[in-house]
Amino acid sequence: MAEEPKPTLIRERQDVCELDRARLALLNPAIIEQKKEERTFDEGAKPFLEMTMREGIETVWDRFEMQQPPCKYCSSGLSCSRCAMGPCRIIPPQRIRGVCGAEADLIVARNLLDTIATGAAAHSDHGREIVLTLYGIGKGTVTDYVIADREKFLRLAAEFGIDTGKKDDKAIASELGHAMLGEFGTVKDHLQIAARAPKATQEIWENAGITPRGIDREVVEAMHRVQMGVAADYVNTLVHGLRTSLSDGWGGSSLATEISDVLFGTPKPNESMVNLGVVRKDSVNISLHGHNPMLSEMVLKAAKDPEILALVKKVGAAGINLVGLCCTGNELLMRKGIPNAGNHFNQELVITTGALEAMVVDYQCIFPSLPRTASCYHTHVISTSPKSRIPGSYYFGFEPETAYATAKAIVKMAVENFPNRIPERVFIPVEPVKVMTGFSVEAIRGALGGSFKPLIDQIASGNIRGAVGIVGCNNPKVKHDYGHVLLSKELIKRDILCVETGCAAIASGKAGLLQPSAASQAGPGLRAVCESLGIPPVLHMGSCVDNARILHLAAELGNALNVGIHRLPLAGAAPEWYSQKAVSIGAYFVASGVYTVLGVMPKITGSPPVVSLLTEGLKGAVNASFAVEPDPLKAADLITAHIERKRAELGI
Ligand code: BF8
């Protein structure tokens with residue numbers, strides 16, 4: 001019998017809690033009240049936030065305050081530390097070039113290309129892991145996962161030119177996995193899924209020289225270009241940023257989404273609950289945080305293991321309550337209806353419920369300080385990715401070949417931690433909010449009766465004026481969830497359908513906008529459509545790699561009308577973005593022809609020419625551009641004006 005996987009404790013967890021408490025618990029009640037209101041718009045988070053300030057438990061907002069004021073050169077993109085002749089900062093009139101001779105525009109553009117490449121790499125490497133799992137199924141080395149959506153599996157095989165004739169699923173999985181792995185380093189000079197884009201959009205890419213050639217290739221070229229002595233012209237540098245981002249959206253993220261559907265099921269509309277109130281007093285609570293559904297889906301399976309259930313009984317818990325966080329949470333919510341505890345800025349607060357036995361993470365958007373937060377409680381932080389071993393956590397090396405055994409050991413460790421809970425510290429004073437999620441492209445087509453024509457008709461008649469993809473994160477520069485919720489509410493009021501992913505979608509869920517009853521907050525046209533279909537006016541389309549679903553939906557609409565994506569009454573918005581991944585998403589939206597409004601200014605203001613290229617100049621190349629507007633109501637005005645302009649150009 002194989003030995004049970006054992007965790008490694010990555011460096012002893014320091015009990016830093018008392019130190020933080022002595023440092024932070026100095027606030028008087030009036031200041032706590034004021035800060036609570038300034039920091040979050042999430043009603044369910046407020047009691048927890050108040051408690052962290054009362055008890056001196058450090059959060060992201062405290063650390064943000066500690067970092068103020070920020071360096072103005074770094075904030076505007078004018079600092080460069082990529083080589084050992086520096087670091088350099090551009091401070092006119094004396095310091096107008098770095099040691100290498102690079103001026104402001106190049107330094108800003110190079111930094112931005114680096115940011116896009118980092119985000120594209122993160123999404124795409126996640127995609128690679130999913131595809132490798134499919135390939136492993138084909139090769140017989142991975143046996144814990146199965147093909148859950150065979151119809152989609154065969155559809156993708158056909159798309160990748162695989163003759164599925166007399167082959168069994170294993171043979172097809174091997175061939176499809178191999179073909180998809182080829183997309184990362186292909187010599188074909190194009191990406192297969194990018195062929196879904198309307199012809200006109202593909203022609204725009206060709207003319208602009210940004211057709212993505214291979215996923216790894218574009219990221220590696222970006223890294224080459226930011227090496228000192230390569231990139232010299234800011235325009236040329238940023239054009240490659242668009243190409244790199246397209247290799248993410250139509251490449252790595254698309255593969256992550258499509259093969260996750262194959263392995264775990266394509267989402268269908270379902271109901272669940274969100275906010276910190278999903279944590280249960282009587283159960284073993286395990287939060288699943290990060291991005292890749294491979295781990296979380298296996299934990300879900302292991303939580304039903306009879307041996308584990310016997311152990312649950314033994315420790316006196318009512319059951320195991322899995323709760324999602326961030327994008328792993330979105331994957332579970334969309335496919336399995338697993339409740340979601342919240343978005344990026346809820347990750348520390350869920351520990352402060354005092355009822356979390358384990359915080360299980362893989363990678364991306366995980367605060368490295370989570371073990372510090374957990375040191376105030378009994379919670380185990382369990383890290384699982386060799387790429388993200390977190391000091392202060394217990395580490396299990398998660399591999400698809402041994403997935404179930406590892407997931408079971410993780411769940412067991414969580415259950416065994418239940419008796420260590422301190423009952424007086426359990427604090428769950430909020431009730432969860434109902435949500436309807438699961439709107440994959442296939443589910444939307446299904447809800448419309450099998451074709452997108454009814455949606456196109458509603459847009460043409462003006463009942464729905466257009467659609468907006470609202471995506472991205474939380475950022476302490478914006479009141480938590482305020483940007484997402486206000487923008488969504490304002491747009492639906494104007495009969496603009498919102499399709500959302502990532503932390504934006506969770507924010508809308510917590511605010512009640514993912515319920516069919518929220519249609520009453522929409523304008524009359526959108527309201528009637530939602531009521532007749534029984535759907536919410538804000539559609540949850542998944543995690544951040546699932547922004548690929550938004551691209552695929554836009555492609556379906558463009559192909560149905562035989563126009564490029566840039567001609568459709570669509571827009572994108574990232575009201576509270578923070579991550580490099582979000583920059584890559586914004587860039588591939590724009591490069592695909594979707595006007596995109598950011599709520600947080602990127603670090604580019606040190607170069608007026610770069611600002612002007614991104615907000616105006618790109619229109620000449622890709623018929624779309626960025627805008628930056630922190631006020632959600634003004635952002636709604638910009639988006640509405642854009643959608644109405646597109647409608648007029650289409651003559652509808
Ligand atoms: O990938 S929205 S904070 S969790 S980066 Fe992160 Fe941003 Fe959330 Fe998901 Ni996306």
Kirkwood-Stokes translational diffusion coefficient of segment 434-650, alpha-carbon pairs, 20 °C, 1.002 mPa s, µm²/s: 127
If you roll a 1.4 Å probe over segment 434-650 with all protein chains in place, what percent of the accessible area is carbon or sulfur? 55
How much length would be gained if the chain were fully extended between Asn562 and Gln227, taking 0.36 nm per residue of separation minus their Cα-Cα distance, in nm to one decimal? 116.5 nm
With +1 on the Cβ of every Lys and Arg and -1 on the Cβ of every Asp and Glu, and nothing else charged, how large is the dipole of the chain about its Cα centre, in debye rounded to the nearest 20? 420
Segment 1-88, accessible surface, carbon-and-sulfur percent (1.4 angstrom probe): 56
Using Cα centres only, tell me the gap between segment 561-611 and segment 354-411 in whole Å. 33
Please identify the longest segment of the chain free of exposed GluC sites (Glu not before Pro), where exposed means a DSSP state other than H, G, I, E or B and no more than 12 other Cβ atoms within 10 Å. 13-652
Of all trypsin sites (Lys or Arg not before Pro) in segment 235-308, the ones in DSSP coil with at most 14 other Cβ atoms within 10 Å are Lys304
Considering the dipole of the chain built from charges on the beta carbon (Lys and Arg +1, Asp and Glu -1) around the Cα centre, which of Leu486, Leu553, Gly77 is farthest to its positive end? Gly77
Please compute the net charge surrounding Gly185, taking Lys and Arg as +1 and Asp and Glu as -1 over other residues with Cβ under 14 Å from its Cβ. -2
To check my understanding: the extent here is largest minus smallest coordinate of the Cα atoms along each principal axis. What are those three numbers for segment 245-340, in Å, largest first? 51, 27, 22
Result row for the chain, helices from DSSP H with C-alpha axial extent 18 Å or more and mean Kyte hydropathy at least 0.0, is 104-139, 169-185, 234-247, 403-416, 547-561
Taking the dipole about the Cα centre of the chain, with the C-beta of Lys and Arg at +1 and of Asp and Glu at -1, give me whichever of Asn275, Met51, Leu614 is farthest to the positive side. Leu614
List the trypsin sites (Lys or Arg not before Pro) within segment 336-413 that DSSP assigns to loop and that have no more than 16 neighbouring Cβ atoms inside 10 Å. Lys387, Arg389
Send over a whole-number figure in Å² for the accessible area per residue of segment 133-286, probe 1.4 Å. 39
Under the 7 Å Cα-to-Cβ spin-label approximation, Asn236 and Ala460 lie apart by a distance in nanometres of 4.7
Based on the Kirkwood radius over alpha-carbon pairs, what is the Stokes-Einstein translational diffusion coefficient of segment 364-465 at 37 °C with 0.692 mPa s viscosity, in µm²/s? 178
Helix-only [θ]222 nm of the chain, DSSP H runs n ≥ 4, -39500 (n - 2.57) each, per residue, nearest 500: -14000 deg cm²/dmol
Segment 82-186: trypsin sites (Lys or Arg not before Pro) in DSSP loop, at most 15 other beta carbons within 10 Å: Arg97, Lys166, Lys167
Surface per residue (accessible, 1.4 Å probe) for segment 538-601, Å²: 19
Rg from C-alpha atoms of the chain, normalised by the globular rule of thumb 2.2 N^0.38 Å, equals 0.93
Cross-link partners of Lys314 among aspartates and glutamates (Cα-Cα below 14 Å; sequence separation of 8 or more within a chain): Asp282, Glu416
Of all the accessible heavy-atom surface of segment 203-269, with the other protein chains kept in place and a 1.4 Å probe, what percent is carbon and sulfur? 53
In the structure shown, of Lys170/Lys304; Lys6/Lys281; Lys510/Lys646; Lys36/Lys434; Lys152/Lys412, the pairs separated by more than 30 angstrom at the C-alpha atoms are Lys510/Lys646; Lys152/Lys412
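The values are calculated or read from the model by the stated rules, or taken from the named source; none is laboratory data. What you see is a predicted model; the values in this text were computed from it and never measured. Neighbour counts are summed over all protein chains in view; Cβ atoms, including those assigned to glycine, are modelled from backbone coordinates with ideal geometry. Heavy atoms of the whole protein, side chains included, go into the accessibility calculation; ligands, DNA and RNA do not. Shrake-Rupley method; radii C 1.70, N 1.55, O 1.52, S 1.80 Å.
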